[in-house]
1. How would you order B:148-158, B:56-66, B:201-211 from highest to lowest mean count of nearby Cβ atoms within 10 Å?
2. Label-to-label distances across copies for residue A:263, with labels 7 Å out along Cα→Cβ, in nm, shortest first?
3. So what's the projected area for region A:1-102, the Cα convex hull averaged over all directions, in nm²?
4. Hey, how many Å between the Cα centroid of region B:83-150 and the Cα centroid of region A:44-84?
5. Beta carbons within 10 angstrom, averaged per residue: use that to sort the peptides A:16-27, A:32-43, highest first.
6. What is the average number of partner chain Cβ atoms found within 10 Å of a Cβ in A:54-65?
7. For every helix of n ≥ 4 consecutive DSSP H residues, a contribution of -39,500 (n - 2.57) applies; sum these over chain B, divide by its total residues, and give [θ] at 222 nm rounded to the nearest 500 deg cm²/dmol.
8. Ignore the peptide's own chain and count Cβ atoms of other chains within 10 Å of each Cβ in A:319-325; give me the average, rounded.
């Protein structure tokens, strides 16, 4: 049970990644057998060869859970991040950016050969992003790097499904859940990707059925994959009956939440021109959680999620550029 | 005299810099005694402390002459670049981005302690950029790194005034001028910055009066500083009488050119929302030179310069994002 009231709102464990974002086209994806809209893990050799063929790029700190924290911090929430970089230039960039947002980040940088993770993101003219992740140092997050006091100081522990792939961070996240639970904290989990679910469905179902997950974030494809049900509403009903809070986003079709067995729905927020959908799900989670922390209604949580997602898809990069507090104030005026 | 017709359009010698771009405000500039709109050179210590206080940033390849080449390449011109990076992650980013644009870049990366140059760019809400440049490896470009064959293969040698500050690149640029002249090529030079002119006015005047510069790029403040005349038209008339082609940009007031003693003027191109003026002068030079290479009228050169500048100030970052060939086609339709 908690020894004291939480001093932070959310602590996340996630990939510490710098995004490398370039325009691309369908022909390039086809030529390299890349699945549009998905995420694939690549090794150092593939990272080098793919980068060599990519268009001129911009670099921007990313990582799914870290993006969600960036949104939460922009909405005034107090956050901490745990993730593994190396002591190289991209690691410095990642650490700078997350700390500049006021997010606590104390994970000690590695000094080995594995460089800071990068995600080569190809953005097609339809604003879809196809992600190619070289995990580098990020996959070596050791359980001993977990700051148990930090985790226990936050009302919510937020975990990134992507990080379930490599062995060390998976063990670290299991330990993080135990630490959070021991302090009576809530656990939020994002399913991240269909292919990640394919690789770890049994683990994820176990976490849910053992009651370790209080808030589950997903998108349409992910929830159907997790439930192994080829119908969105049926999949949502099936999983929604097994977690206290389920959120499932559906791009332009809006989002659905199931809270204590009751289904809620909200439309997507309007966007003038969709530029780059990278970070849409991450920022939806920011908005939803920020409103949830404030004790707002489920409808308000969905609406703030949709507004934060709408902001991030209107520009390149997966972190907010506009003033989310202002967007929130207008939404709830 | 040229042994053969040039196979490239433009070869530039310039700083090889990665821009680190973050939003800022007037209070931050005042607190750090930074001159808005200017460029100051900073050392490693200042770079670290300023970066530590900056907002979350995006990284994007920059460097004034390299930006101009990016615009020229986007307009279909064949280009080569000479500039010094280190063999670190930011050096890899710079090299990747310039090569991805189809620009030849063969300068061998340094392996010493000096890291790849970065420019910490603070963008205020009025879209002005204030640049803080840590030159790192860029200042160690040795004259022996000059590829004389490359320089002599291009119709125009383009030189960046910023790079006149450090000793080695200054010597390299003098050697580059000699190489270009020996092959009968033209030399274009951009004045870069008022403070650079303050430090090197005598050198720049010498280059002009010895007839080493065929095309001189400047802005309003720079041309007045160079001429030491506190009146724009008088300064333009004074310097314009001494170079074959003088171009001087005046932000929203448009631009003036003096070609063979005749004065031309063009308005600025319309921009819906000015986001970040970084690269405006660099891209004006791209547009002007591209049209000049195509043998267009001075009016067309100014118009394409204005259009390319308008594109780059509509977004963060100093390199074009929209299709400049399409903008050119519409302009000259």
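Rule-based calculations on the coordinates, nothing more; no lab input. None of these values were measured; they are calculated from a predicted model. So basically every Cβ, Gly included, is an ideal-geometry build from the backbone, and we count neighbours across all protein chains shown.
1. In decreasing order of mean packing, B:148-158, B:56-66, B:201-211 become B:56-66, B:148-158, B:201-211.
2. For residue A:263, the inter-copy label distances come out at 7.4 nm.
3. That works out to 8.9 nm².
4. 23 Å
5. A:16-27, A:32-43
6. 5
7. Mean residue ellipticity, 222 nm, calculated: -12000 deg cm²/dmol.
8. 1
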